[in-house]
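The values are calculated or read from the model by the stated rules, or taken from the named source; none is laboratory data. Remember, predicted model here, so these are calculated numbers, not experimental data. Here the Cβ is made from the backbone with ideal geometry for all residues, glycine too, and neighbour counts use every protein chain on show. The accessibility values were calculated without ligands, DNA or RNA, using every heavy atom of the protein model including side chains. Shrake-Rupley method; radii C 1.70, N 1.55, O 1.52, S 1.80 Å.
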Amino acid sequence: LEKYLNKIFKYWCACYLITIIISGGFPLLWIIIGDTRTYIDFGIPSVSGLLNMVRAFLVASLGFIIFKSKIGRRKAITKVLFLIISAFVFELARGNGTFMLMHFVAMYLMICKLKLKKFLIAFVILIIFLVVGSFINAVRYGKGTDYLINQAVDYGLFAPNSSIILVVFVPVIVYVCLPVVNLNYKLEHLPEISFELYYMLQGFVPSFIR
């Protein structure tokens with residue numbers, strides 16, 4: 001299993017490097033050099049989606065080695081950390097990173113027993129994850145805390161002079177609350193349901209063809 005995963009990991013790294021070259025860099029680099037592009041502009045249609053799935057598969061499979069085997073465990077941990085960094089740091093993509101981490105967590109829950117101590121540790125990690133996710137939201141657009149403060153005021157979450165500690169949690173609150181608001185809005189303004197062949201089949205067709 002380890003040799004098989006090593007081979008897939010090497011192929012993934014090669015394809016990821018090609019993606020970076022074709023994209024002309026990656027989101028973190030663009031922010032550092034002052035480029036106007038964001039994480040939305042990173043990647044190759046369809047190819048990057050496949051790479052994200054392979055990355056999640058690698059994290060889950062390497063998690064199996066970490067939790068069940070002592071042989072090759074250190075190398076597996078190093079690779080998982082690199083894969084996590086590639087999503088959260090290089091790409092500044094919380095969605096891709098969270099999707100990947102859920103595979104790792106699922107592998108842990110299937111293999112390991114969940115005790116109170118581990119549950120408390122997981123809770124602390126969750127809080128840290130939410131804060132880091134909020135920080136990424138402030139950084140990846142290159143707008144900083146001023147953007148978060150304005151966003152908080154626009155949504156009526158905090159007053160203009162609110163503490164920056166509270167403002168950091170704005171993306172978390174927005175991501176939790178807005179889906180419910182949007183769902184209510186869509187139900188209220190829902191047009192008569194109609195089925196079109198294009199929209200029914202577009203999910204099965206790669207984006208570069210659509």
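Observations on the structure shown:
- Accessible area ranking (1.4 Å probe, heavy atoms, ligands and nucleic acids excluded), largest first, for Y39, Y4: Y4, Y39.
- Dipole of the stretch 1-90 computed with +1 at Lys/Arg Cβ and -1 at Asp/Glu Cβ about the Cα centre; of F42, I77, Y16, farthest Cα towards the positive end is I77.
- Once all protein chains are placed together, L109 keeps about 100 Å² accessible to a 1.4 angstrom probe.
- Accessible surface for V59 stands near 0 Å², nearest 10, in the context of the full protein assembly shown (1.4 Å probe).
- Heavy-atom accessible area ranking, 1.4 Å probe, most first, across T78, T98: T78, T98
- Anisotropy class of the stretch 31-107 from Cα gyration tensor, a/c 1.5 cut: prolate
- Only protein heavy atoms count here; on that basis, with a 1.4 Å probe, I71 has an accessible area of about 130 Å².
- The stretch 69-121 shape via C-alpha gyration tensor axes, a/c threshold 1.5: oblate
- Counted residue by residue at 0.36 nm each, then reduced by the alpha carbon distance between them, the extension gain from K113 to I209 reaches 30.0 nm.
- Two-site label geometry, M53 and L201: point separation in nm, points 7 Å out along Cα→Cβ: 2.0 nm
- Loop sites in the stretch 1-80: trypsin sites (Lys or Arg not before Pro), DSSP, at most 12 other Cβ within 10 Å: K70
- Summary value for the stretch 12-78: 26 percent relative contact order, contacts being C-alpha pairs under 8 angstrom separated by 6+ residues.
- Spin-label model, Y11/T36: points 7 Å from Cα along the beta carbon direction are separated by 3.9 nm.
- For the stretch 26-68: rounded, prolate or oblate by the Cα gyration tensor [a/c cutoff 1.5]: oblate
- Links that overshoot a 19 Å alpha carbon limit, given the list K10/K79; K3/K68; K68/K113; K10/K70: K10/K70
- Accessible-area order (highest first, 1.4 angstrom probe) of the listed residues T19, T38: T38, T19
- Dipole magnitude of the stretch 47-116 about its Cα centre (Cβ charges: Lys, Arg +1; Asp, Glu -1), debye to nearest 20: 440 debye
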